[in-house]
Amino acid sequence: MPARLPSWAWVSGLTVGAIAAVTVLAVQADRGPQPTAAASKPSPSASAGAKPSPKETAPAAVPADSGTGRRVVYSVGQDRVWLVDASDTTRRSFKVWPGTVDPGPGEYSVGTRRQEPTTGSDGVRIEQIMYFTQQDGLWVAFSNAVDGSSPPPAAAGTRTGGIRLPKADGDALWEFGSSGTTVTVVG
């Protein structure tokens, strides 16, 4: 007849298993969303008319014409941002949802930063707003929705300068892009 394990052994085994599971989940959460071949843009919210996501097979290289040194690179044509460190190494790259007004190509710098939530021009609660230029009298800024959702489709004729990021990428950009950080916009 097999020997029975004492109750403390069962409790210890369950505790070790739970700690291992929590550790795995914490590591995955710390890494943020990982790109897959099936998705390149953040998952759209359940709102009608959400923008479809093209497929991505590999992370895009930082554009060659984006300068050097520590900077945020925004490609209008690729709807993508790169966080590049002082040694020209890409620390993070992610897809974004652009506003209806694109900033012109050039070099800018992060000016005003606002972490507290406010309501964006699309009626969505946004946070971690980083203004870097004006285009045709409209401020252009990076931000993320408080609830992590994608922006709703803009009404016909609406002008918006918000470049919306997924929540995890908004957190990373907020940490990386202090006031004065260079923002290079390419086509």
Exactly one of these conditions fails for ASP122: (1) open to solvent by 20 Å² or more (accessible area, probe 1.4 Å); (2) under 19 Å from LEU83 (Cβ atoms). Give me its number.
(2)
For residues that are open to solvent by 30 Å² or more (accessible area, probe 1.4 Å) and basic (Lys, Arg), tally how many sit in region 60-91.
2
Filter region 89-104 for residues that are farther than 11 Å from TYR74 by Cα and in a strand (DSSP E or B) and give the result.
THR90, ARG91, ARG92, TRP97
Inspect all residues belonging to region 92-111 and state whether any of them is under 17 Å from the mean Cα position of the chain (by Cα), polar (S, T, N, Q), open to solvent by less than 70 Å² (accessible area, probe 1.4 Å) and on the phi < 0 side of the Ramachandran plot.
yes
For region 134-187, which residues satisfy the criterion of being within 10 Å of VAL110 (Cβ to Cβ) and either assigned to a strand (DSSP E or B) or among the aliphatic types (A, V, I, L, M) (or both)?
ALA141, PHE142, LEU173, THR182, VAL183
Between a residue in region 74-102 that is farther than 28 Å from ASP136 by Cβ and touching a residue at least 12 places away in the same chain (Cβ under 8 Å) and any residue that is among the small types (Gly, Ala, Ser) and buried (at least 16 other Cβ atoms within 10 Å of the Cβ), which pairs come within a Cβ distance under 6 Å, given they are 6 or more apart or on different chains?
ARG92/ALA172
Which of (1) touching a residue at least 40 places away in the same chain (Cβ under 8 Å); (2) small (Gly, Ala, Ser); (3) loosely packed, with under 13 Cβ neighbours inside 10 Å is the odd one out, the single condition ALA156 does not satisfy?
(1)
The conditions are (1) at pLDDT 95 or above; (2) open to solvent by 40 Å² or more (accessible area, probe 1.4 Å); (3) not aliphatic (A, V, I, L, M), and SER143 fails exactly one of them. Which is it?
(2)
Of all the residues that make up region 159-175, how many are open to solvent by less than 30 Å² (accessible area, probe 1.4 Å) and either over 21 Å from ASP102 (Cα atoms) or out of contact with any strand residue (DSSP E or B) (no Cβ under 9 Å at 6 or more places or on another chain) (or both)?
1
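The values are calculated or read from the model by the stated rules, or taken from the named source; none is laboratory data. Predicted, not measured: the structure shown is a model, and the values here were computed from it. With ideal geometry, Cβ positions are generated from the backbone for all residues, glycine too; neighbour counts draw on all protein chains shown. Ligands, DNA and RNA are excluded from the accessible area calculation, which covers all protein heavy atoms including side chains. Shrake-Rupley method; radii C 1.70, N 1.55, O 1.52, S 1.80 Å.
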